[in-house]
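Before any comments, here is the structure.
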Amino acid sequence: MNIIGPDALVFGVDDVDACSQYLTDYGLTPAGDGRFEALDGTCVVIRAADDPRLPPAIGPAPSIREIVYGVGDAATLEAIAAELSKDREVRRGEGGSVHADDDSGFHLSFALTIRRPYTAPADLTNAPGHPPQRGPNLLGINWDMKVEPRTLSHVVLFVPNMEQAEAFYVSRLGFRLTDKFIGVGPFLRPAGTQDHHTLFLIQTPPFMKGVEHFTFHLGSGTEVLLAGTQFEAKGYTTFWGPGRHYLGSNWFWYFNSPLGCHVEYDADMDLHDDTWEARHRPPGADNSQLFLFTAREKWFPSGPPPKGGAH
């Protein structure tokens, strides 16, 4: 099945204004009717928790109400509808979209992808031993450098039975296992992308069912550090990072949010094809990140370093 990845995440929230400001400050572009878009059109949709257009809630607001997956062709929509209708209710919507619940109770929608072409600057890195990527007098970073989320990367779900949830996405929708934290959960990618994962599942008690975090891809590790620094300067608080994951290799920086979950910046994720053999690793700090930094205020080495040393 040519499922590309999540095109939209729809939230029901109790403070629409705070969530809207947060997503705008994060770098998404307001597009009307609660939509906040990345460069390729993938988006987060914010609605009041009592909005009648939303599917039923799986928990108290704020919470995820629907995950919209983009597919590459109409044949995939028909294949999904045929497969899921074997054992659950399937609704058809506008443009042939397919609506159904997964085995954990999350509301899913499948539609022809909304992703559009876009242009964004490349990460031009000069490395000794290779031809220069930036020629003379071209700066690697400057005060006016703009960082924009490029595409919706992945979503992480708390599920009450991660083995059952994994089986649904793999057996019914053609996702592939790329890596797995033993006893915790799998990293999964659909057939329409080579990204290390667009979905990660975490085993939790049933009362915790919901979203742990979502993230949009940026253009480089430099962009993650710059975006996170700018986001902190606007008053938002770090949850985890900055750093670089081991499984997937992506740079990360997670922030607290008013959406009922964490929100991440990420960049430079591994790509895998069908020859990749999934790694199974025990959970823990060493397997979660290769390195981790602590952000602190800028300083100039004209006196003693900040308490705790310079980073």
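No value in this document is a laboratory result; all are computed from the given coordinates. What you see is a predicted model; the values in this text were computed from it and never measured. Every residue, glycine among them, receives a Cβ derived from its backbone with ideal geometry; neighbour counts consider all protein chains shown.
Things to note:
- In the chain, the longest principal axis of the Cα atoms and the axis of helix 221-233 are about 90 degrees apart.
- Cα-only Debye scattering, region 189-272: base-10 log of I(q)/I(0) at q = 0.10, 0.24 Å⁻¹: -0.27, -1.21
- Values of log10 I(q)/I(0), in the order q = 0.17, 0.19, 0.21 Å⁻¹, for region 1-159 under a Debye, Cα-only, solvent-free model: -1.04, -1.22, -1.40
- To the nearest ten degrees, helix 16-26 and the longest principal axis of the Cα atoms of the chain are 50 degrees apart.
- For GluC sites (Glu not before Pro), the sites in region 1-90 that DSSP calls loop and that have at most 15 other Cβ atoms within 10 Å are Glu89.
- Straight Cα distances below 15 angstrom link Lys234 to the aspartates and glutamates Asp25, Glu297, with same-chain residues fewer than 8 positions distant left out.
- Rounded tilt (10° steps) of 74-84 against the dominant C-alpha axis of the chain: 60 degrees
- Computed about the Cα centre, the dipole magnitude for the chain is approximately 500 debye when only Lys and Arg (+1) and Asp and Glu (-1) carry charge, each at its Cβ.
- The trypsin sites (Lys or Arg not before Pro) of region 44-92 meeting both criteria, a DSSP state outside H, G, I, E and B (loop) and at most 16 other C-beta atoms within 10 angstrom of the site's C-beta, are Arg53, Lys86, Arg88.
- Debye equation applied to the C-alpha atoms of the chain, log10 I(q)/I(0) at 0.10, 0.13, 0.14, 0.16 Å⁻¹: -0.58, -0.98, -1.14, -1.48
- When the charge dipole of the chain is built from unit charges on Cβ atoms (+1 for Lys and Arg, -1 for Asp and Glu) and taken about the Cα centre, the candidate among Ala57, Gln21, His99 whose Cα reaches farthest toward its positive end is Gln21.
- Among Phe231, Asn256, His280 - extreme Cα towards positive end, dipole of region 202-293, charges at beta-carbon: Asn256
- Residue-wise HN-Hα coupling along region 292-298, computed from phi with Karplus coefficients 6.51, -1.76, 1.60 (Hz; x: Gly, Pro): 9, 10, 10, 6, 8, 5, 5
- Pairwise centroid distance, computed over Cα atoms, of region 1-74 with region 175-223, Å: 18 Å
- For region 117-137 and region 265-282, distance of Cα centres in Å: 25 Å
- For the chain, calculated [θ]222 nm from helices alone, where every DSSP H run of n ≥ 4 adds -39500 (n - 2.57): -4000 deg cm²/dmol
- Unit charges at the beta carbon, dipole of the chain: most positive-side option, Leu84, Val68, Pro136: Pro136
- The 3J(HN,Hα) values that the Karplus relation (6.51, -1.76, 1.60; θ = phi - 60°) gives for region 102-116 are, in residue order, 7, 6, 9, x, 6, 7, 10, 9, 10, 8, 4, 4, 8, 5, 10 Hz. Gly and Pro appear as x.
- A DSSP coil position with no more than 11 other Cβ atoms inside 10 Å describes the following GluC sites (Glu not before Pro) in region 216-286: Glu277.
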